Amino acid sequence: MRAVIIPKHGTVDDLQLVDDYPTPSATPGHVVVKVRASSLNYHDVFTLRGMPGITVPLPVVPGLDIAGEIAELGEGVEGWNIGDRVLVDPLTERGHLMGELLDGGLAEYALAEAGQLLALPNEVSFEQAAALPVAYGTAHRMIVGTKAVQPGHKVLVLGASGGVGTASVLLAKRLGATVVAAAGSDEKGERLLELGADEFINYRTQDFYAWTKEHLGKPSRTSYDGGFDVIVNNTGGDTWAPTLRSTKRGGAILVCGATAGYKPPEDLRYVWSFELRIIGSNGFTKDDFHALLGYVQEGSFSPVIDSVVGLDGAIDALGRLEHRDFLGKIVIAPWKDA
């Protein structure tokens, strides 16, 4: 079958599109899914580069998010039929991640445990479904599950143009918050405003702490005025120090990643003197997926999709992902070129 593979750790130039990768067969308790759509995540870049402490069996097919149709049933699989439309939970029951320790979705077919499957409503397209699991599931657990965002809150979303970022903007708006989106270009900012953000900060030309003081007032240790009620920070790095300074007394900082660096400078005085709540959120659950599928099915919500390309364009798409030349989710449709 056709597949994009990581033959060795390295750069996007080391990725390969092959025509003869072994097609999986259904083993007991598993199904083979004909992959109709798979969306990219920055985790694919980390897997490509190699991550300390994680031994990836190479070659491996990247792609954590998978939506498609059941093509083959393994022994003992009940409750599913060939042709059923499904969304695949990226995590197996043993905690292995598709596209990392197991072959993922950038291929014509993928092997998955029956327990990973969720029924895909007809009202939800394969492309919409594939955009949801990692980015939108993570954002849903963080924004909705922690209950940190409430109606009327002023919320800053850093890295707002990525998958988790756009999801956070949409979900915070759904909860009735006023949302300020921070991204790296005016073009992305205009698009985020079209998607529902109330304000936009270009972090390349504007200091968001200075913006906070000018528009919301400087946070104070002696009052609850000034600053953001909630800041979504999945970037880390040099955004962390101004995040601490921009959060109001008693406010919350939601953290689900550190794409810009996991060892930022830390001034603990802000944490206690401003009574900050730093809330970590790790991953997603099937409950998040069911909720998101329900939102899309009822027509009240739709994931932001930057583009849909076939396997022929998948390597270039991963390059765009690495250089953050996109907004929302890039979806790969393996049969698009067939």
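The values are calculated or read from the model by the stated rules, or taken from the named source; none is laboratory data. Every value quoted in this text rests on a predicted model; they were computed, and no experiment measured them. Virtual Cβ from ideal backbone geometry, glycine too; neighbours counted across all protein chains shown. To get the accessible areas, we keep the full protein, side chains included, count just its heavy atoms, and leave off ligands, DNA and RNA. Shrake-Rupley method; radii C 1.70, N 1.55, O 1.52, S 1.80 Å.
Each label was represented as a point 7 Å from its Cα along the Cα-to-Cβ direction; for T11 and E194 these points are 3.3 nm apart. Note on M51: accessible area approximately 40 square angstrom, rounded to 10, probe 1.4 Å, nucleic acids and ligands left out.
The three principal axes of the Cα atoms in the chain give end-to-end lengths of 65, 40, 35 Å, sorted in falling order.
Our Cα-only numbers for the stretch 188-338 put the radius of gyration and Dmax at 18.7, 64 Å. For the chain, the solvent-accessible area of protein heavy atoms averages 43 Å² per residue (probe radius 1.4 Å; ligands and nucleic acids excluded). About its Cα centre, the stretch 181-338 has a charge dipole of approximately 640 debye under the convention of +1 per Lys or Arg Cβ and -1 per Asp or Glu Cβ, with nothing else charged.
Output the antiparallel fraction of DSSP beta bridges having both residues in the chain, as a percent to the nearest 5. In the chain, DSSP labels about 50 percent of beta bridges as antiparallel. Over the Cα atoms of the stretch 143-255, each weighted equally, I'd like the Debye log10 I(q)/I(0) at q = 0.15, 0.23 Å⁻¹, rounded to two decimals. Treating every Cα as an identical point scatterer, log10 I(q)/I(0) equals -0.55, -1.37.
Each Lys or Arg adds one and each Asp or Glu subtracts one; over the other residues with Cβ under 14 Å from the Cβ of G227, this totals +4.
A viscosity of 1.002 mPa s and a temperature of 20 °C, combined with the Kirkwood radius over C-alpha pairs in the Stokes-Einstein formula, give the stretch 84-132 a diffusion coefficient of 187 µm²/s.
Placing +1 on each Lys and Arg Cβ and -1 on each Asp and Glu Cβ, with no other charges, gives the chain a dipole about its Cα centre of roughly 1480 debye.
The residue list Y262, P121, I278 was ranked by how far each Cα lies along the charge dipole of the chain toward its positive end, using unit charges on Cβ atoms, and I278 comes out on top. Note on the stretch 56-193: dipole from Cβ charges, positive end direction compared against G184, Y109, P133; the farthest Cα belongs to G184. Sorting the segments 30-43, 219-232 by their mean number of nearby beta carbons within 10 angstrom, highest to lowest, gives 30-43, 219-232. Share of carbon and sulfur in the accessible area of the chain stands at 48%, probe radius 1.4 Å.
For Y224 and E123, FRET efficiency with R0 = 35 Å and r from the beta-carbon atoms, rounded to 0.05? It comes to 0.25. Using the Cβ atoms and a cut-off under 13 Å, what net charge is assigned to the surroundings of T47, where Lys and Arg are +1 and Asp and Glu are -1? Local net charge: -3. Taking the charge dipole of the chain about its Cα centre, with +1 at Lys and Arg Cβ atoms and -1 at Asp and Glu Cβ atoms, the residue from G217, H96, L17 reaching farthest to the positive side is G217.
Among the GluC sites (Glu not before Pro) found in the stretch 34-114, those both in a DSSP coil and sparsely packed, with 12 or fewer other Cβ atoms within 10 Å of their Cβ, are E75, E78, E93.
Measuring nothing but how far apart in sequence close Cα pairs (under 8 Å, 6+ apart) lie, relative to its length, the chain scores a relative contact order of 18 percent. Legend: residues E298, E322, sorted from most to least accessible area (1.4 Å probe; ligands, DNA and RNA excluded), read E298, E322. For K286, the lysines whose Cα comes closer than 24 Å to its Cα, not counting residues fewer than 8 places off in the same chain, are K34, K147, K173, K329. Kirkwood hydrodynamic radius of the stretch 265-318, from the reciprocal of the average inverse Cα-Cα distance over all distinct pairs: 15.8 Å. Relative contact order for the stretch 71-203: 16 percent, from Cα pairs under 8 Å spaced at least 6 residues apart, divided by residue count. L171 sits among other residues whose Cβ lies under 13 Å from its own Cβ, and their net charge, with Lys and Arg +1 and Asp and Glu -1, is +3. Cα centroids of the stretch 1-52 and the stretch 293-338: 16 Å apart. Dividing the radius of gyration of the alpha carbons in the stretch 202-245 by their Kirkwood radius gives 0.96 for Rg/Rh. Here the translational diffusion coefficient of the stretch 1-78 follows from Stokes-Einstein with Rh set to the Kirkwood radius across Cα pairs; for 37 °C and 0.692 mPa s it amounts to 235 µm²/s. Ranked by the mean number of other Cβ atoms within 10 Å of their residues, highest first, the peptides 167-173, 7-13 fall in the order 167-173, 7-13.
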